[in-house]
Amino acid sequence: MSLGADIARFIVVVSVAGLCVTTVSSQQQSMAYNPIDDVISRLNVQAPVPPVSRTPESIVAAFVKTETQVRDALNQHTFKRDVVLQTIGPNGEVTGEYIRNSQFLFDDRGNRIERVNFHPPSTIREMRITKEDIQDLAGAQLLGIDISETSKYKLTYVGEERMEGRRVYVLNVEPSENPNPHNMRNRFFVGRVWIDSTNFQLLKVRGVVEPHGKQRFPEFQTWREQLADQLYLPARTEADDVLHFPNRDVNYRIRVRYYDYKLFASKLKITELDEPGY
């Protein structure tokens with residue numbers, strides 16, 4: 001994947017003073033991306049840019065570039081995923097459970113496939129686990145924003161926070177168009193992402209997946225950890241939310257673990273570079 005022309009469609013809402021940017025490049029992929037100056041110049045900025053060296057639009061551009069490289073690296077890895085979906089009773093007891101333990105591999109054509117290793121019959125009775133739930137497990141709940149389709153989203157730079165002792169940038173993510181409840185296959189992440197201020201890698205995702213239609217989906221959080229070389233890859237997803245159906249409320253819990261990452265193809269290394277002018 002590369003940045004391509006879609007990055008020009010990002011709408012960056014400038015709401016705070018910006019800071020100084022370092023960019024992240026890939027040893028293997030660096031020639032596939034536009035220079036960061038060109039990326040920033042093609043972004044559609046709707047608000048005045050603060051008169052300082054690091055700007056919200058440059059932060060967004062650096063994040064998009066870095067996340068594209070991380071996705072390329074993730075696509076070169078196999079990994080395992082253990083899923084536990086539960087309904088919770090009024091006293092905190094587990095009333096139903098769905099378990100799906102899988103390994104994500106590549107077929108002989110290089111396509112990623114899921115090999116289900118353990119999947120006993122579901123005991124959940126208060127709601128139905130749908131194909132959209134399974135789609136979200138491997139989509140937005142694993143990755144957050146779909147970086148390969150940048151035209152689908154609008155990013156707003158929110159500001160800075162401290163997370164586990166490090167300075168992070170916070171971006172708000174919402175669809176560029178309202179999700180169509182009659183097209184449940186086209187899923188959209190709506191929420192926020194937290195990115196490292198030094199290497200622009202994504203550290204945490206929090207939000208929901210839309211559209212809902214007649215279904216209900218929980219707010220979830222996905223954390224990434226440094227699991228392979230300098231890459232931060234998904235480590236766990238959690239949700240504990242009350243889903244409001246027309247006739248009942250259901251306390252729904254998600255626990256997902258991603259582990260045993262192994263490089264399948266050529267190695268892609270993320271490094272930091274000093275960029276002049278930021």
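Net charge in the neighbourhood of K131 (other residues with Cβ under 14 Å of its Cβ; Lys, Arg +1, Asp, Glu -1) is +1.
When S102, S58 are arranged by Cβ crowding within 10 Å, least crowded first, meaning fewest neighbours, the order is S102, S58. Each peptide in 159-172, 231-244 receives the mean, over its residues, of other Cβ atoms within 10 Å, and ordering these scores from highest gives 231-244, 159-172.
Tally Lys and Arg at +1 and Asp and Glu at -1 over the other residues with C-beta under 10 Å from the C-beta of G144: what net charge comes out? Net charge in that neighbourhood comes out at +2. Please report the projected area of segment 83-186's Cα convex hull averaged over all directions, in nm². So the mean shadow area of the Cα hull is 11.0 nm². You can think of it this way: the chain between R162 and R236 has 24.6 nm of extra reach, that is 0.36 nm per residue less the Cα-Cα gap. Sorted ascending by nearby beta carbons within 10 Å, beginning with the fewest, D133, D108 become D108, D133.
Electrostatic tally near R192: other residues with Cβ closer than 9 Å to its Cβ, Lys and Arg +1, Asp and Glu -1, net +2. In this label model, T198 and E149 are separated by 3.6 nm, measuring between points 7 Å along each Cα→Cβ vector.
With Cα atoms defining each centre, segment 47-120 and segment 175-234 are spaced 8 Å apart in the structure.
Bear in mind that the values in this text are calculations on the coordinates, not laboratory data. Worth saying up front: this structure is predicted, and the values here are computed from it rather than measured. So basically every Cβ, Gly included, is an ideal-geometry build from the backbone, and we count neighbours across all protein chains shown.
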